[in-house]
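The values are calculated or read from the model by the stated rules, or taken from the named source; none is laboratory data. Note that the structure is a prediction, hence the values are computed from the model and not measured. Cβ sites come from the backbone with ideal geometry, for glycine too, and all protein chains shown count toward neighbours.
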Amino acid sequence: MAQPSRRALLVIDVQLEYFTGQMPVTHPAGHFARVLEAVDLAHAKGIPVVAIQHTSTRDGAQTFVKGTEGWRIHPEIVRRGWDVLIGKTLPGSFTGTGLEEWLKAHGVGTVVIAGYMTQMCCDTTARQARHLGYEVEFLSDATGTLDFTNSAGHVSAEELHRAALVTQQSAFSTVLTVEEWSERAAARPER
């Protein structure tokens, strides 16, 4: 396994669908500013940034269709850049992708989760990472979601976000704010 001190920031699905498309993220307040802060911090500290981009492969998909405006990565993430771009078609960033191989090749033992949505792709990726033996740091204010309603019921964005974070902290991740993560990264610098 990789050195446990080497981190990589996973910037999951920060795509325009969550800003100007059909699924605008609403909670927590300031989520996007915190994502950008995390990316800037990673660059400043020499922590690799992995951008992850979702593409829907479902018949009749209305969101995350390759080549559409909503599928595109947010221009502020593009402007800041990344070390590698990983495409995915399922909620988990490890499934059917080269993410694990890239992390191993770069000596990464800790993945840091930022992006969208808290309870879906961020949660799934964090669980997968933990099951694969990685340490996981989950950024509570640099992840986000929106209200959900389906045949099972309704849940507010705030409730959904909180429930996912509580579950992550209980068994899969260390849940931190970006400020707490910055302090932790300073205390355990990259090699």
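General remarks:
- Those helices (runs of 4 or more DSSP H) of the range 87-191 in which at least 2 residues are farther than 26 Å from S56 by Cβ, considering only elements entirely within it, cover 99-105, 157-171, 178-187.
- Taken over the range 98-128, the criterion of being without any contact (Cβ under 8 Å) to a residue 40 or more places away in the chain and more than 22 Å from R34 (Cα to Cα) is satisfied by G98, E100, E101, A105, Q128.
- Subset of the range 51-86 [part of a strand (DSSP E or B) and farther than 18 Å from G144 by Cα]: V84, L85, I86
- Taking the criterion of being hydrophobic (A, V, I, L, M, F, W, C) and either within 16 Å of F32 (Cβ to Cβ) or touching a strand residue (DSSP E or B) at 6+ places or on another chain (Cβ under 6 Å) (or both), the only residue of the range 53-70 that qualifies is F64.
- Inter-residue pairs, beta-carbon under 6 Å, first touching a residue at least 40 places away in the same chain (Cβ under 8 Å) and in the range 34-49, second aromatic (F, W, Y), 6+ apart: V49/W82
- Single unsatisfied condition, G153 versus (1) in contact with a strand residue (DSSP E or B) (Cβ under 7 Å, 6 or more places away or on another chain); (2) without any contact (Cβ under 8 Å) to a residue 24 or more places away in the chain: (1)
- Among the residues of the range 141-187, those that are farther than 19 Å from P28 by Cα and charged (D, E, K, R) comprise E183, R184.
- Scanning the range 162-177 finds no residues that are aliphatic (A, V, I, L, M), in contact (Cβ under 8 Å) with a residue 12 or more places away in the chain, closer than 22 Å to H54 by Cβ and in contact with a Gly (Cβ under 9 Å, 6 or more places away or on another chain).
- Qualifying residue in the range 36-47 (condition: closer than 19 Å to T145 by Cα and either surrounded by fewer than 18 Cβ atoms within 10 Å (Cβ to Cβ) or of a type in the set (G, A, S) (or both)): yes
- Number of positions in the range 97-128 that are small (G, A, S) and within 12 Å of the chain's Cα centre (by Cα): 3
- Odd one out for A114 among (1) surrounded by fewer than 23 Cβ atoms within 10 Å (Cβ to Cβ); (2) among the small types (G, A, S); (3) in contact with a Leu (Cβ under 8 Å, 6 or more places away or on another chain): (1)
- Remark: pairs (first residue in the range 82-95, at pLDDT 95 or above and surrounded by 19 or more Cβ atoms within 10 Å (Cβ to Cβ); second residue of a type in the set (D, E) and not in a strand (DSSP E or B); Cβ separation under 7 Å; 6+ apart in sequence or on different chains) = F94/E100.
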